[in-house]
1. Can you give me the accessible area per residue for the range 357-417, using a 1.4 Å probe, in Å²?
2. So, with +1 on the Cβ of K and R and -1 on the Cβ of D and E, and no other charges, what is the size of the charge dipole of the range 353-448 about its Cα centre, to the nearest 20 debye?
3. Dipole of the range 81-162 (Lys/Arg Cβ +1, Asp/Glu Cβ -1, origin at the Cα centre): which of 87, 118, 140 lies farthest to the positive side?
4. Along the charge dipole of the range 341-487, which of 451, 343, 483 sits closest to the positive end, that is, farthest toward it, with unit charges on the beta carbon of Lys, Arg, Asp and Glu (+1, +1, -1, -1)?
5. What do you get for trypsin sites (Lys or Arg not before Pro) in the range 195-243 restricted to DSSP loop and a cutoff of at most 11 other Cβ within 10 Å of the site's Cβ?
6. With charges set only on the Cβ (+1 for Lys and Arg, -1 for Asp and Glu), what does the dipole of the range 560-719 come to about its Cα centre, in debye to the nearest 20?
7. What accessible area per residue, rounded to a whole number of Å², is obtained for the range 591-709 using a probe radius of 1.4 Å?
8. For the range 572-598, list residues with backbone N below 20 Å from a point placed 7 Å from the Cα of residue 614 toward its Cβ?
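The values are calculated or read from the model by the stated rules, or taken from the named source; none is laboratory data. Owing to the predicted nature of the structure, the values given are computational and were not obtained by experimental measurement. Don't worry about glycine lacking a Cβ; one is built from the backbone with ideal geometry, like all the others, and counts go over all protein chains shown. Keep in mind that these areas ignore ligands, DNA and RNA; they rest on the heavy atoms of the full protein, side chains included. Shrake-Rupley method; radii C 1.70, N 1.55, O 1.52, S 1.80 Å.
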Amino acid sequence: MKRRQFLQLSAAAGGSLLIGFQLTGCSDKPDFPTAYAVDLQPNAFLQVTPQGRVILQLNKYEMGQGTSEGFSTLVAEELGLLPADIVIEMAQYHPDLKDPEMSMILVGGSSSVRVHWQPLREAAAVVRELLLSAAAQQWQLPRNELRLLDGQVVSADGARRAGYGEFVTTARGLPVPESVSLTPASEFRVIGKERQRVDAAAKVTGRATFGLDVLEPRALTAVLVRCPHFGGSVATVDDAAAKASPGVRHVVVLDNAVAVVGDGYWQVRQAAGKLKVSWHKGPLAGVSSADLRAAQLALLDGDAGSEVVERGEARRDGEGRFLESLYHAPFLAHATLEPQNALVDVQPDRVDVWTGCQGLEIAMSMVAQAIGRPSEQVFVHVQTMGGGFGRRIVADACAEAARLSAELGQPIRVVWSREDDTRHDFYRPMSTVRMRAQLDEQGVASWTAKVACPSAMGYLTPYMAGAMLPDWVPGKVKAWGGSFVSGRDPSSTEGIADTAYQPGYFRTDYAFHDAGVPVGFWRSVGHSQNAFFMESFVDEMAHARGQDPLAFRRQLLGEGSPRWHAALDLVADKGAWGQAAAGRFQGLAVHESFQTVVAQIAEISVDNGRIRVHKVVAAVECGTAVNPDVVRAQVEGGIIFGLTAALYGKVTLEDGAVVQSNFHDYPLLRMHEAPEIEVHIVPSSAAPTGIGEPGVPPIAPAVANAIFAATGQRLRELPLTLAG
């Protein structure tokens, strides 16, 4: 079962309604948040003003992944425009803007263009038909003699032309068409073409507005000193020195934090350093990463866990060669370059929130719950995000700012430091996996995997339930949903249980590990570590059989995975597989995530125990590339993101608290360490699949397999560290 399917079923079981895309608003739904009487707005996504401006409500908020470019391209194709001609606004809440698969307005799962490929073009085509019908009525010309081109309605002979705004009033009085035709691929003007991203200039020139850029003259700034121990709370506070510091207005004690509130960030940050706080350490007192790893190993050795998938018939004989390997991946922080922040103004009849968030309703729900208000009173003004990667699904900074604003009676801006961000994240789960295989003359007779891992889905389900279920549903019910999901979390085994490889027998088991550490979705979620486990073990099996790793993969895939074969063939050709330069070594990996297949060849060298990745060649099978340049950029970014985790990423615990704090001990890949990257797209006319995350999973195993080729050391733990 896919993660999205699981979320859908969980939502249905909880009584929430899965709402699909609607071309027109129904009478029982609220008005569109952007509705103006003079505009043409037949659906929640698009409006045309009397001045001829075409405005797109972006419900998949921009955090660098290119949704503004992708969505404006889809709309522009049907409206005879260029993507840069579309005015993009971050959408406010309306039920018609919900992702039909996730049942909420949520940015995640690399679903944006894939899910909206058809409905967003339909929404634009509706606007097109209304404008053309209005022009035909005003000009007394046949509808089929008119077309849209570069912001104008143009007659077939070119004799008459006028901007879209000229027809808005008439179009508003026309019935909305029940069905529309879409521009065929043979006539695409902008889809599939390379252009500069529509948001590039604003970001380069500083005009893009991020959460930290929002100005509110009445707002005070708050810095929170949070309990470093997971599950801990405040014991005692000596705040005399902090209160006496310049610019400090208030010190507020919360359950697990102390807030210093004042005139500016630097003033309150300095004052916060003067607090003397003692803590109740909570349930993880004395617990380290080594303890948690030992607990996972015990789960693998015992009878805990349940079957996730089983294919084929297990062999009972002892013939052939047997392999067994243990793999491990640590907790990881998201390390978004823009730390968490939020500005909240709690008023008697409404609550305004300015922040960058991936989950609109989750932010609304968390703010409402924090101050005991109905969600309908919360209005979130979403800003461009300086990175998300799954971290901004949970809006904890918004809830903190809301509590302080409600208590102090004025707008409050909460700003996290890098240390706050590193030590109070919702981490990628630590995971330990045991792989076993039985090899025979035909190939892989059997292959089993057992995963011990915390549940990201289980940890996040109460937040999602808070967003999907009515406010009157008790919090205990929403928390129960997390417990129910934890032992059945498909994100913990995705990329393993649903592999395209075809051994004679295959089985995956999952043992839930209740680590007590907050975990969440990290770019590519379970695929990020599971691809490392899978593709490293495939390489082990290939070498155990004495086969070329590429040929072995092709054989193990069989004939039923043409997209995998296409990606492998392309990367082998473009990456010159088997032809590494002297002193360099190659490693191969291929993985499917979010319905996209990515194959990568990493070329590395090892010098005095130092691993250097010189070049990465990637082939991506993602259906139609709406903008090939964005596709390449996302895969390039995914490789850099994944390579950081492969070489450096590690969050460790001591005494129930995170050890790492900033980039000196949680480093990111630096520019001089970045490899040359080539990305090649497999030609396809199919509908687009996900692209924001699939570049991440293959890089760690590709590098690990190259290290084995270079040194003979099989590294089964992340980050990759050579022995000796």
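1. 25 Å²
2. Here the range 353-448 has a charge dipole of around 100 debye.
3. Going by the Cα projections, it comes out as 140.
4. Projecting each Cα onto the dipole axis, the largest value belongs to 451.
5. Answer in residue order: 207, 218.
6. It works out to roughly 300 debye.
7. For the range 591-709, the per-residue accessible area is 33 Å².
8. 572-589
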